[in-house]
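Asker: Mind having a look at this structure? Questions to follow.
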Amino acid sequence: MIELKELTVGYGEKPVLREVSMVFPPGQVTVLLGPNGCGKSTLMKTALGLLPRQGGEILYDGVGLEHLTTRQVARKAAYLAQSREIPSITARRMVLHGRFPYLGYPRRYRAEDYETAQKALEWAGAGDLADCPMQELSGGQRQKVYLAMALAQDTETVFMDEPTTYLDVRHQLEVMTVSRRLADMGRAVVLVLHDLSMALREADRLAMLADGALRQIGTPEEIFAGGELDRAFGVTVRRVWTESGWLYYCQEKQEPKETE
Amino acid sequence: MKNWRTSCIPNNKYLRIYAALAALVLAVSLLNLCLGAEKMPLGEVLRALTGGGSGTTAFRIVRYVRLPRLCACLLAGGALAASGAIIQGVLSNALAAPSTIGVNAGAGLAVALCCAIAPTAVKVVPLAAMAGAFLGVMTVLMIARRTGASKITLVLAGVAVSSIFSAGIDAVVTFVPEALNGYSDFRIGGFSGVSMARILPALWPAILSFVASLSLHNEMDVLLLGKEQAQSLGLPAERLRVTLLGLAAVLAGAAVSVCGLVGFVGLIVPHIMRTLVGEESGPLLVSSALGGAALLGGCDLLGRMLFAPYEIPVGIVMSLAGGPFFIWLLQRRGRLHD
């Protein structure tokens, strides 16, 4: 399990988020929420060791991140970046790279790696895409291949930075379903999402980041009741009860009318 | 397991492409040995190669003139093209190549300096060239990193570094005019006057460096996914980038030390091969090395034959023949990988 203790993150000298303490428990989908520029992606990259931290501690199963090699980290946490280079390689090759942290020099993929990759592709619903070049796939299909790569990496924690952005609604829902299945398999799934209603509906836990700090962390119910959401985003979040549970939606903030 | 087997099919495709390219290299080699001011039948060439008929004119022409020149061609072409494939992959930049980002110019400056200071130390030249190439590539990498490392910045920085190094070469030649005497056609690239003694010190480092980079082909593929994604897959990205660029510098330096500043091979051959084998680093490296050797061999043959008995330096043929072909390729494909 990955644990952040009073972690301060940022670029260069300027901190973006101060003293964030939280854990990413296995079996749960944790969503990082916050307005643009609040430091969600920065927090994620720092937790993965992709950016240097400015203070505090990052513990992987109780061991400080600074004591782990890049490869050891890669066996514990997978990462789907927000923007990516799309090389013209096949989907299978792409997923195979998920096995990379398990190989020693000279790195040659073994038969069992091919097998794991194929299973992961099928698991993500992209088994038929194995031989297609990545550049010919749609955004939604690519995202499935990336999810398969994260699965093939076989880590306890999976970080995804805005996995639903630029996808059409069906693929957005599919990505959320896959995230839920990953969590049901005992993985800790950590997502950055922009869609408030989707985040409130799908997450087990939400972390509200705003104004350079972790404002609140809790279940969707707690976050909804807390009111931090309305303040941070400058909207009014409401909900209605439907057959499939609470449905959350946002309204423009009602400014209190001045009395004349 | 059924699906696993289907993944082996492309390997056969690669093997076929390698075989075709190797056949091309062989054909170009034999033509290079047979044709020239003195045309020689294939039988006589083969006899000279296997050591028969020593002392005859044919033996001397083949063993002391054409064979060294052919070896230099194949070495330089293969090394430059492989170096270009590595550089383009590591910097994920289609415009990057030894001749465009200051690697060749760096090597050239080092060769010029080396010849000016120690004219007799032929064996040191390749080492100096490799060091110069490494200096060139690291300078560009550092500038690009400090300025934000956008793809176009990198190429612009390379152009600037190239011209600084070129000015350095000119300065050396101005002050010590005889520095590059042993290297006629150095600036445009050429093979006249090459000898086995000059090739061997460059050959071994080039081969070792090629094998080493080939053994890192999976790492290169992972690096192509972008630095952060690569690092999250357990790849020490920064260290690997420097290692691979170092290997590319050794290859380019080896080439420059035998044939001078041949441009273009390192830029166009990887692009041509990408249309054949795709973007996976292993096949791209192997096919680029073979293709580069064949191309430079072919160009040198043309240069020797077109206006025989006069010779045109290979650099001129390369640009005259390669340029239009590359433009044609660009137009046909619309755009190359970017």
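Asker: I'd like the residue in segment A:139-148 that is free of Cβ contacts under 8 Å to residues at least 60 places away in the same chain and of a type in the set (A, V, I, L, M) and, out of all such residues, is surrounded by the most Cβ atoms within 10 Å (Cβ to Cβ).
Answerer: A:A148
Asker: Do we find that B:A105 is within 19 Å of the chain's Cα centre (by Cα), part of a loop (DSSP other than H, G, I, E, B) and more than 17 Å from B:A206 (Cβ to Cβ) in this structure?
Answerer: On the way: within 19 Å of the chain's Cα centre (by Cα): yes; part of a loop (DSSP other than H, G, I, E, B): no; more than 17 Å from B:A206 (Cβ to Cβ): yes.
So B:A105 does not fit the description; no.
Asker: Given the residues A:L137, A:L103, A:L147, which is the only one that is over 29 Å from A:I58 (Cα atoms) and not polar (S, T, N, Q)?
Answerer: Numbers: A:L103 fails: over 29 Å from A:I58 (Cα atoms); A:L147 fails: over 29 Å from A:I58 (Cα atoms).
Residue meeting the stated conditions: A:L137.
Asker: Working only within segment B:214-261, note down all residues that are facing another protein chain (nearest Cβ under 9 Å), assigned to a loop (DSSP other than H, G, I, E, B) and in contact with a helix residue (DSSP H, G or I) (Cβ under 8 Å, 6 or more places away or on another chain).
Answerer: B:L216, B:L224, B:L225, B:L233, B:G234, B:L235, B:P236
Asker: Test of understanding: among B:I61, B:I143, which residue is farther than 29 Å from A:E85 by Cβ and at pLDDT 80 or above?
Answerer: Working: B:I143 fails: farther than 29 Å from A:E85 by Cβ.
Only one candidate qualifies: B:I61.
Asker: What helices (runs of 4 or more DSSP H) completely inside segment A:1-117 contain at least 3 residues that are within 15 Å of the chain's Cα centre (by Cα) and more than 14 Å from chain B (Cβ to nearest Cβ)? Give the derivation first.
Answerer: Details: elements: A:40-47, A:70-74, A:91-96.
It comes to none.
Asker: Taking A:L182, is it modelled with pLDDT of 90 or more, out of contact with any Ser or Thr (no Cβ under 6 Å at 6 or more places or on another chain) and either polar (S, T, N, Q) or farther than 19 Å from A:C38 by Cβ (or both)? Can you show your working first?
Answerer: Details: modelled with pLDDT of 90 or more: yes; out of contact with any Ser or Thr (no Cβ under 6 Å at 6 or more places or on another chain): yes; either polar (S, T, N, Q) or farther than 19 Å from A:C38 by Cβ (or both): yes.
Against the criterion (modelled with pLDDT of 90 or more, out of contact with any Ser or Thr (no Cβ under 6 Å at 6 or more places or on another chain) and either polar (S, T, N, Q) or farther than 19 Å from A:C38 by Cβ (or both)), A:L182 qualifies.
Asker: Under 6 Å between Cβ atoms, at least 6 apart or on separate chains: pull out the pairs that start in segment A:21-40 with a residue that is under 20 Å from A:T164 (Cβ atoms) and end on any residue that is aromatic (F, W, Y) and crowded, with 21+ Cβ neighbours inside 10 Å.
Answerer: Listed by first residue and then by second, the contacts come to A:T30/A:F24.
Asker: Determine if segment B:41-54 includes at least one residue that is touching a residue at least 40 places away in the same chain (Cβ under 8 Å) and loosely packed, with under 15 Cβ neighbours inside 10 Å. Spell out the reasoning first.
Answerer: Step one: of segment B:41-54, the residues touching a residue at least 40 places away in the same chain (Cβ under 8 Å) are none.
Scanning segment B:41-54, I find no residue that is touching a residue at least 40 places away in the same chain (Cβ under 8 Å) and loosely packed, with under 15 Cβ neighbours inside 10 Å, so the answer is no.
Asker: Only one of these is closer than 23 Å to B:M138 by Cβ and at pLDDT below 90: B:L276, B:L223, B:L216, B:L244. Name it. Before you say what the answer is, go through the steps one by one.
Answerer: Values: B:L276 fails: closer than 23 Å to B:M138 by Cβ; B:L216 fails: at pLDDT below 90; B:L244 fails: at pLDDT below 90.
Going through B:L276, B:L223, B:L216, B:L244 in turn, just one is closer than 23 Å to B:M138 by Cβ and at pLDDT below 90: B:L223.
Asker: Can you find, within segment B:1-38, the residue that is nearest to the chain's Cα centre (by Cα) among those that are of a type in the set (D, E, K, R) and at pLDDT 80 or above?
Answerer: Looking at residues that are of a type in the set (D, E, K, R) and at pLDDT 80 or above, I get B:R16.
Asker: Additional query: Answer yes if at least one residue in segment A:163-176 is touching a His at 6+ places or on another chain (Cβ under 9 Å) and closer than 22 Å to A:S41 by Cα, and no otherwise. I'd like the intermediate steps shown before the answer.
Answerer: Taking segment A:163-176 and keeping what is touching a His at 6+ places or on another chain (Cβ under 9 Å), we get A:164-165.
Imposing the further condition that a residue be closer than 22 Å to A:S41 by Cα reduces the set to A:164-165.
So far as segment A:163-176 goes, yes, one or more of its residues are touching a His at 6+ places or on another chain (Cβ under 9 Å) and closer than 22 Å to A:S41 by Cα.
Asker: Given the criteria surrounded by fewer than 23 Cβ atoms within 10 Å (Cβ to Cβ), of a type outside the set (A, V, I, L, M), closer than 29 Å to A:K40 by Cβ and without any contact (Cβ under 8 Å) to a residue 24 or more places away in the chain, does A:E136 qualify? Break it down stepwise before answering.
Answerer: Details: surrounded by fewer than 23 Cβ atoms within 10 Å (Cβ to Cβ): yes; of a type outside the set (A, V, I, L, M): yes; closer than 29 Å to A:K40 by Cβ: no; without any contact (Cβ under 8 Å) to a residue 24 or more places away in the chain: yes.
Judged against the criteria, A:E136 is not a match.
Asker: I would also like to ask the following. Only one of B:L251, B:L235, B:L240 is aliphatic (A, V, I, L, M), touching an Asp or Glu at 6+ places or on another chain (Cβ under 8 Å) and crowded, with 23+ Cβ neighbours inside 10 Å. Can you tell me which?
Answerer: Details: B:L251 fails: touching an Asp or Glu at 6+ places or on another chain (Cβ under 8 Å); B:L240 fails: crowded, with 23+ Cβ neighbours inside 10 Å.
Every option except B:L235 fails the conditions.
Asker: Tell me which of these B:I188 doesn't satisfy, since it passes every other one: (1) hydrophobic (A, V, I, L, M, F, W, C); (2) out of contact with any Lys or Arg (no Cβ under 9 Å at 6 or more places or on another chain); (3) farther than 16 Å from A:P106 by Cα; (4) modelled with pLDDT of 85 or more.
Answerer: The single condition B:I188 does not satisfy is (4).
Listed here are the residues, each with its yes/no results for (1) crowded, with 19+ Cβ neighbours inside 10 Å; (2) touching a Leu at 6+ places or on another chain (Cβ under 7 Å); (3) modelled with pLDDT of 80 or more; (4) part of a loop (DSSP other than H, G, I, E, B).
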site: B:G263; (1), (2), (3), (4): yes, no, no, yes
site: B:L284; (1), (2), (3), (4): yes, no, yes, no
site: B:S288; (1), (2), (3), (4): yes, no, yes, no
site: B:D300; (1), (2), (3), (4): yes, no, yes, no
site: B:G323; (1), (2), (3), (4): no, no, yes, no
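Asker: If I go through segment A:37-48 residue by residue, how many of them are on the phi > 0 side of the Ramachandran plot and buried (at least 20 other Cβ atoms within 10 Å of the Cβ)? First the steps, then the outcome.
Answerer: The initial filter retains those residues of segment A:37-48 that are on the phi > 0 side of the Ramachandran plot, namely A:37, A:39.
Subsequent filtering for residues that are buried (at least 20 other Cβ atoms within 10 Å of the Cβ) retains A:39.
Counting residues in segment A:37-48 that are on the phi > 0 side of the Ramachandran plot and buried (at least 20 other Cβ atoms within 10 Å of the Cβ) gives 1.
Asker: Quick test for you: out of B:R198, B:R239, pick the one residue that is without any contact (Cβ under 8 Å) to a residue 60 or more places away in the chain and of a type in the set (K, R). I'd like the intermediate steps shown before the answer.
Answerer: On the way: B:R198 fails: without any contact (Cβ under 8 Å) to a residue 60 or more places away in the chain.
Of the residues listed, the single one that is without any contact (Cβ under 8 Å) to a residue 60 or more places away in the chain and of a type in the set (K, R) is B:R239.
Yes/no per residue for (1) in contact (Cβ under 8 Å) with a residue 12 or more places away in the chain; (2) in contact with a helix residue (DSSP H, G or I) (Cβ under 6 Å, 6 or more places away or on another chain); (3) within 26 Å of A:D113 (Cβ to Cβ); (4) of a type in the set (G, A, S):
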site	(1), (2), (3), (4)
A:D154	yes, no, yes, no
A:E162	yes, no, no, no
A:V169	no, no, no, no
A:D211	yes, no, no, no
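The values are calculated or read from the model by the stated rules, or taken from the named source; none is laboratory data. Nothing here was measured: the structure is a model prediction, and the numbers come from that model. Because the Cβ atoms are built from the backbone with ideal geometry, glycine has one as well, and the counts that use them run over all protein chains shown.
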